[in-house]
Amino acid sequence: MVKAAYLHIPFCEQICHYCDFNKVFLKNQPVEEYLDSMQMEMKNTLIKYPSDSLETIFIGGGTPTALNEKQMEKLLTAINEEFKPSPSLHEFAVEANPGDLSYEKLKVMKDLGVNRLSFGVQTFNDRLLEKIGRTHRSADVMKSIELAKKAGFDNISIDLMYGLPGQTIQDFRDSLKIAFGLDVKHYSSYSLIVEPKTVFYNLMSKGKLILPPEEDEAVMYEYLMEEMEQHGFHQYEISNFAIPGFESRHNLTYWDNEEYYGIGAGAHSYTGNIRRANAGPLKKYMQLIEETGFPYLNEHQVTEAEKMEEELFLGLRKSSGVSKKRFADKFGMPITNVFGLQIQEQTEKGLLNDGEDSISLTHQGKLLGNEVFQAFLGVVPAE
């Protein structure tokens, strides 16, 4: 039974220099028609893969809060009509851009069931915000969080980035200090990854993107982990920290390698053991919905070998690691039958803890996570 739904709003007022997600400039876009297509996709998806026990809904982008109040109301009403959230729904989250939110828009969201906000802050340094193509400034974050609390939101997360062009270790320390003063329950913090088809990628290819040295980035991450622990935030995943009880339940769906709906242009889904990618361009997405009822661009039947590998490299992102019992229950064999050699090698390198109940990354393993994940790929023979 599918327990999570992701919905993609691709509209943005401004395109950030590092973003490679499916997005378009908001101006002159067919927003209402797009929302109608999303509702049709929800309806058809539920017919094909019914679920009456959704536990999480997450609206991401793009910039969901670029929608005006009326459009936001239309979207949330459609979600309530189709998914019919029941008491099993624990988390109804929306990504929010600081500066996009009026009290009225926040009230619309709260009144229609949203109970978690995730603010894309990235840094509290206005110079750096301008450099990465963000339109908000530090003061906008303070105002937006204050408004959100006034509207009744107490489950608030903020995203921070490190390894940004021109960012010093002190810059990151300063941002963290300000962040801890905001009294929010959750932080996500990621290092910058320069992706193809972004402004930063083009600058890098021309030799015009100056990034902090890798050792500085490692210092920032170590400092992040230390400060989060000191301030009472549990590191439950490589890049995520929460007051206990305020973890992102939606993201845990991905890391637990469970199935989820993906609605909207460019969204990905995992249902019925099939991973699907929706068409990204709005026109193509809406055309496919109109013609076939579904916007799938490609579909991939996940093999048992792939499921096992995904269980490892997704599950190891969590601090709790990969449960040996869960693996055995899911695949009908002990984890050591499949990955015994790799677990031993990574444990001897000091990158894995091989416990009685689970395997998990060590402190050093968190710093070299990608290296560990790579060790578990291509191990299981394809059927």
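Below, the figures for the structure above:
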{"read-out": "Which listed residue, of M308, M286, is in contact (Cβ under 8 Å) with a residue 24 or more places away in the chain, touching a Phe, Trp or Tyr at 6+ places or on another chain (Cβ under 7 Å), assigned to a helix (DSSP H, G or I) and open to solvent by 20 Å² or more (accessible area, probe 1.4 Å)", "value": "M286"}
{"read-out": "Leading residue by the ranking (surrounded by the most Cβ atoms within 10 Å (Cβ to Cβ)) among those in the range 234-267 that are hydroxyl-bearing (S, T, Y) and outside any loop (DSSP other than H, G, I, E, B)", "value": "Y261"}
{"read-out": "Options E33, E41: the member that is surrounded by fewer than 19 Cβ atoms within 10 Å (Cβ to Cβ) and under 17 Å from P295 (Cα atoms)", "value": "E33"}
{"read-out": "Residue within the range 336-348 that is under 25 Å from E229 (Cα atoms), aliphatic (A, V, I, L, M) and either touching an Asp or Glu at 6+ places or on another chain (Cβ under 9 Å) or surrounded by 15 or more Cβ atoms within 10 Å (Cβ to Cβ) (or both) present", "value": "no"}
{"read-out": "Subset tally (residues that are out of contact with any strand residue (DSSP E or B) (no Cβ under 8 Å at 6 or more places or on another chain), surrounded by fewer than 17 Cβ atoms within 10 Å (Cβ to Cβ) and not aliphatic (A, V, I, L, M)) for the range 139-161", "value": "5"}
{"read-out": "The range 94-110 residues that are closer than 21 Å to D159 by Cα, paired with ones that are aromatic (F, W, Y) and part of a strand (DSSP E or B) (beta carbon under 7 Å, 6 or more apart)", "value": "A96/F119; P98/F119"}
{"read-out": "Some residue of the range 166-180 being open to solvent by 60 Å² or more (accessible area, probe 1.4 Å) and among the acidic types (D, E)", "value": "yes"}
{"read-out": "For E73: the one exception among (1) assigned to a loop (DSSP other than H, G, I, E, B); (2) open to solvent by 70 Å² or more (accessible area, probe 1.4 Å)", "value": "(1)"}
{"read-out": "Residues (buried (at least 20 other Cβ atoms within 10 Å of the Cβ) and assigned to a helix (DSSP H, G or I)) located in the range 311-327", "value": "E311, L312, G315, F327"}
{"read-out": "The range 212-226: number of residues that are touching a helix residue (DSSP H, G or I) at 6+ places or on another chain (Cβ under 8 Å) and open to solvent by 30 Å² or more (accessible area, probe 1.4 Å)", "value": "5"}
{"read-out": "Pairs where the first residue, in the range 180-193, is under 14 Å from S157 (Cα atoms) and the second is among the charged types (D, E, K, R) and surrounded by fewer than 17 Cβ atoms within 10 Å (Cβ to Cβ), C-beta under 9 Å, 6+ apart", "value": "D183/K149; K185/D154"}
{"read-out": "Residue identified as open to solvent by 30 Å² or more (accessible area, probe 1.4 Å) and not acidic (D, E) among N97, N80", "value": "N80"}
{"read-out": "Yes/no for E371 being charged (D, E, K, R), surrounded by 14 or more Cβ atoms within 10 Å (Cβ to Cβ) and in a helix (DSSP H, G or I)", "value": "no"}
{"read-out": "Output for the range 342-362, where each listed residue is farther than 19 Å from S320 by Cα and either touching a residue at least 24 places away in the same chain (Cβ under 8 Å) or under 29 Å from the mean Cα position of the chain (by Cα) (or both)", "value": "E345"}
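The values are calculated or read from the model by the stated rules, or taken from the named source; none is laboratory data. For clarity, every value in this text was computed on a predicted model and none was experimentally measured. All Cβ positions, glycine included, derive from the backbone under ideal geometry; neighbour counts span all protein chains shown. When the accessible area is computed, the model is the full protein with side chains, heavy atoms only, and any ligands, DNA or RNA have been set aside. Shrake-Rupley method; radii C 1.70, N 1.55, O 1.52, S 1.80 Å.
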